[in-house]
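**Student:** One structure, as structure tokens, below. Some questions next.
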Amino acid sequence: MGSMTDAPAPLADPHLVYDPLVGDGPKDVVILGSTGSIGTQAIDLVLRNPGRFRVTALSANGGRVALLAEQARRLRVRKVAVAREDVVPALREALSAQYDAGEPLPEILAGPDAATQIAASDCHTVLNGITGSIGLAPTLAALEAGRTLALANKESLIVGGPLVKALAKPGQIIPVDSEHAALFQALAAGTRADVRRLVVTASGGPFRGRTREQLADVTVEDALAHPTWAMGPVITINSATLVNKGLEVIEAHLLYDIPFDRIEVVVHPQSYVHSMVEFTDGSTLAQATPPDMRGPIAIGLGWPERVPDAAPVFDWSKASTWEFFPLDNEAFPSVNLARHVGELAGTAPAVFNAANEECVEAFRAGVLPYLGIMETVTRVVEEHGTPATGTSLTVPDVLEAETWARRRARELTVRTASAEARA
């Protein structure tokens, strides 16, 4: 392996600590996507560590206003943001029911830009736990405002890689995905020039071991039955197709500036080892915990300090077996397709991600078969062709590419559904 000393600095480097100007006391945190899986677990962590963290603002889509109001009251936040303006009356009523009479309610921000506004508000760290590429604008806003970004929203980095890299200062991004938090910690053991390979682990999802032919008739319920992780429906289905792992390969490349041919995916059903770094001397360091996202969230919020008892630990007095298998790229072509779009760069990752989001929704609605997800995404990527170079990427470029990809995916989905109806 050649020297990496002349390569661009990685976005996520455990040796560098970016520290915004803050006062004494607990670290002020903004949580985006507070009613989702990442957000609720982050709030659990904060409530168990009141001396370390203080949440100042929350954002959510608006589908669970009662939970959002309860979170706001328990955390005593100053601001609450919802993407859906139509739920503001219900949110105000829910907040009034949570707070004592005469007690001031938090300020409510509403609309598609509400999360972006609070991402730039006064705080030390912004945890972006939004699902989907709608997290791009809040990611950019947090970086531009000089906040430390605890990034769980992988899509914002994937679709807007050059934009994120242009804004992020050394050490400003801390990854929260379990795989990238694992790589982040293992990389602390050496320099970039010491790294031979990144090994990203995958549980294999609910369909591990099945051939492509055996996947033809799987149902939505089958795809949502993840064997080791409890996640939202979109991420769970992405795990079933292994699109999630393809996105993580692109994310690892962008975070650590390691070439795609030195990022490997290996199937590890137990989900104990979250990822590994292989060094040039032959050593491999693996980061391992029982499957639980509170550990990676604690790394994102607390780094460079560790949060005691953030997540469960192994009982080493009990026997256990840890298995590793090669990835079946024929049954799960999503990872290789992700490598392809990652190498194309530009708007190709945005097209891949947007088409997949549309296809997942079509699958959940029962209008697209499981295998049709990747077949449709592949065709959309092929029709998109070679994008403009990533160095000149703009936000309008990303939005235009996503709009086209979503429209084209819907068109192809309708054709697939019509053809199946005629069969």
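**Student:** For region 27-168, evaluate the Debye formula with one uniform point scatterer on each Cα (no solvent term) and list log10 I(q)/I(0) at q = 0.09, 0.12 Å⁻¹, rounded to two decimals.
**Tutor:** Taking Cα atoms of region 27-168 as identical point scatterers yields -0.24, -0.43.
**Student:** Give a residue-ordered list of calculated ³J(HN,Hα) values for region 256-272 (Karplus: 6.51 cos²θ - 1.76 cosθ + 1.60, θ = phi - 60°; whole Hz; x for Gly, Pro).
**Tutor:** 3J(HN,Hα) across region 256-272, in whole Hz: 10, 6, 9, x, 4, 6, 10, 10, 10, 10, 10, 8, 9, x, 6, 6, 8.
**Student:** How much FRET efficiency would the formula 1/(1 + (r/R0)^6) give for ALA188 and LEU21, where r is the Cβ-Cβ distance and R0 is 30 Å, rounded to 0.05?
**Tutor:** That gives a FRET efficiency of 0.75.
**Student:** Amide H neighbours of GLY62 under 5 Å, at least 5 residues apart or on other chains, H built in the peptide plane: list them.
**Tutor:** Those lying under 5 Å, H to H, from GLY62 are ALA83.
**Student:** Still on this model: Express in whole angstrom the spacing between the alpha-carbon centres of region 333-367 and region 247-310.
**Tutor:** Result: 23 Å between the Cα centres.
**Student:** Rounded to a whole number of µm²/s, how large is the Stokes-Einstein D of region 149-251 at 10 °C and 1.306 mPa s, given Rh as the Kirkwood radius over C-alpha pairs?
**Tutor:** So the translational diffusion coefficient is about 102 µm²/s.
**Student:** Next up: Hey, fewest Cβ within 10 Å first, where do HIS340, HIS15 land in order?
**Tutor:** So the ranking, lowest neighbour count to highest, is HIS15, HIS340.
**Student:** So, one more: Would you mind telling me the antiparallel percentage of the DSSP bridges in the chain, rounded to 5?
**Tutor:** Of the beta bridges lying entirely in the chain, close to 30 percent run antiparallel.
**Student:** Hey, rough spin-label estimate for ALA66 and GLN214, points 7 angstrom out along Cα→Cβ, what's it come to in nanometres?
**Tutor:** Placing both labels 7 Å along Cα→Cβ, they lie 4.2 nm apart.
**Student:** Still on this model: Taking H as built 1.01 Å from N, whose amide H comes closer than 5 Å to the amide H of VAL265, not counting residues under 5 places away?
**Tutor:** Distant-sequence amide H within range of VAL265: VAL200.
**Student:** What are the ³J(HN,Hα) values, in whole Hz, obtained from phi via the Karplus relation 6.51 cos²θ - 1.76 cosθ + 1.60 with θ = phi - 60°, for each residue of region 308-320 in sequence order, with x given for Gly and Pro?
**Tutor:** x, 6, 5, 9, x, 10, 6, 9, 6, 7, 10, 5, 8
**Student:** So if the hydrodynamic radius of region 252-408 is defined as the Kirkwood radius over C-alpha pairs, what does Stokes-Einstein give as its diffusion coefficient at 25 °C and 0.890 mPa s, in µm² per second?
**Tutor:** Estimated diffusion coefficient is 132 µm²/s.
**Student:** Expressed as a whole number of Å, what is the distance separating the alpha-carbon centroids of region 133-197 and region 22-53?
**Tutor:** Between the Cα centre of region 22-53 and that of region 133-197, the gap is 19 Å.
**Student:** Let me ask you something else. So for each of 134-143, 369-378, 88-97, 175-184 I average, over its residues, the number of other beta carbons within 10 Å; can you give me the resulting order with the highest mean first?
**Tutor:** The packing order, highest mean first, is 175-184, 134-143, 369-378, 88-97.
**Student:** While we're here: Placing one identical point scatterer on every Cα of region 205-244 and ignoring solvent, what is log10 I(q)/I(0) from the Debye formula at q = 0.18, 0.33 Å⁻¹?
**Tutor:** -0.42, -1.26
**Student:** When the helix-only estimate is applied to the chain (DSSP H runs of n ≥ 4, each -39,500 (n - 2.57), divided by the residue count), what is the mean residue ellipticity at 222 nm, nearest 500 deg cm²/dmol?
**Tutor:** After summing the helix terms and dividing by the residues of the chain, the value is -13000 deg cm²/dmol.
**Student:** Could you sort the peptides 304-311, 292-299 by per-residue average Cβ neighbour count (10 Å cutoff), highest mean leading?
**Tutor:** Result, highest mean Cβ count within 10 Å first: 292-299, 304-311.
**Student:** Arrange the following residues from fewest to most other Cβ atoms within 10 Å of their Cβ: ASP217, ASP13, ASP113.
**Tutor:** In increasing order of surrounding Cβ atoms, one gets ASP217, ASP113, ASP13.
**Student:** Sticking with this one: Net charge near HIS274, counting Lys/Arg +1 and Asp/Glu -1 over other residues with Cβ under 14 Å of its Cβ?
**Tutor:** Result for the neighbourhood of HIS274: -3.
**Student:** Consider the candidate values (i) 26, 59, 15, 0; (ii) 22, 33, 21, 17, 7, 0; (iii) 24, 45, 27, 4; state which one is P(r) over Cα pairs in 20 Å bins from 0, in percent computed from the structure displayed.
**Tutor:** From the options (i) 26, 59, 15, 0; (ii) 22, 33, 21, 17, 7, 0; (iii) 24, 45, 27, 4, the structure gives (i).
All of the numbers you see were taken from the coordinates with simple rules; none came from a lab. Not measured: the values here are computed from a predicted model. No Cβ is skipped: glycine too gets one built from the backbone with ideal geometry, and neighbour counts run over all protein chains shown.
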